[in-house]
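This report refers to the structure that appears directly beneath it.
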Amino acid sequence: MGESMNLKKHILAFVFVAFLSLLPLFFSSPVLLHALILIYFWAFLAMSWNIIGGFAGQLSLGHAAYVVIGAYVSTLLYLRWNISPWISMFGGGLAASMLSVIIGYPCFKLRGAYYALATLAFAELVRVLIANTDRFMGFQINGPRGILLPVLGHAPAYFQFVNKVYYYYIILAFCAVLTILLLFIGKSRFGYYLTAIREDQEAAEAVGINVMWCKLFAGILSSFFTALGGVFYAQYVLFISAGSIGSIHISLEMVFISIVGGKGTLMGPIIGAFLLTPLGELTRVYLGGAYMGIHLVLYGLVLILVVKFMPSGVIYPLQRLYNKIMKTQG
């Protein structure tokens, strides 16, 4: 019976991935395609945050800093030395990983909300420094004006395309790779260590788990992939500034999406992105001019309702419904 259920799950997963791959063939509207790209972009960022915030249980409120670092480092390497963003993205990821160690090593020794506050302060520090710096070590940062990337037209070698379909498949591939990695982590010893730390850190330390190393490695992975999301954003929009991708609401959206969908789960951030991203985009389009920031208010209301009625996230009621349907069909 268990093998039959697993087979059905794998078949459904294959059908779902095939459906996602074929979606651009059915939607010719660039608006709808843009909306799908944003959904997967936020799903990717939320999954990246979920490594440290969900699996390891360490609340980070400053992941926007890694988005900024990834976007700026890759862009500056491209503008200064003509390094393709396909290559410079790894430079951005490594820079973000190094900074996650710098902030994580002292703060992971503390308990309570100190890590969350430290990440929030760090993200604001990065945003303010970039917004008030015109040049740094020979690199032209342009302060609050931001950086406008040169438009090359259709240049796949430099991560630029004239058709949004290419960006859709790239961000879908990003999500697929990260999902496979998270599947591997969830079934590995490292994943079990993270679960133990999240549930009871003292007990994890008592049985010999190196809590500090596990947290640091989870932070490295989380910041690395978050930075790759920043690189994708830079190449998709072709403009970056600390104000647009470094503000606190970027970090909060990752947290909200993960919590609403189900943090600490594989599919939770994806479900949360499909629920909250369209809500945010619609409110920004129709209410953003008159009520700036109204999408964050709606996010807060949704979060309150989820915490009240579905404290573990939307994914668990959906899983129960799925299991019930499978049993009925079996």
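Any read-out appearing in this document is the output of simple, stated calculations on the displayed coordinates, not a laboratory observation. Predicted, not measured: the structure shown is a model, and the values here were computed from it. Quick reminder, even Gly has a Cβ in these numbers, built from the backbone with ideal geometry, and neighbours come from all protein chains shown.
Overview of values
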| read-out | value |
| --- | --- |
| Under 15 Å from the Met212 label point (7 Å along Cα→beta-carbon), backbone N, segment 177-205 | 205 |
| Relative contact order (percent, whole number), the chain, Cα cutoff 8 Å, 6+ residue spacing | 29 percent |
| Protection-proxy order for peptides 199-206, 310-317, each taking the mean of Cβ atoms within 10 Å per residue, highest first | 310-317, 199-206 |
| Charge-dipole axis of segment 23-247 as Lys and Arg at +1 and Asp and Glu at -1 on Cβ define it, positive-most pick from Pro85, Ala203, Leu221 | Pro85 |
| Cα-based convex hull, segment 23-247, per residue volume (Å³, whole number) | 123 Å³ |
| For the chain, size of Cβ-based charge dipole, Lys and Arg +1, Asp and Glu -1, in debye | 340 debye |
| Mean Cβ neighbour count within 10 Å, used as a protection proxy, ranking 159-169, 220-230 highest first | 220-230, 159-169 |
| Mean Cβ count within 10 Å, highest first, over the residues of peptides 130-136, 272-278 | 272-278, 130-136 |
| Kyte-Doolittle at least 0.0, axis length at least 18 Å by Cα - qualifying DSSP helices, the chain | 2-26, 30-50, 64-81, 85-107, 114-131, 164-186, 211-237, 248-261, 268-287, 294-309 |
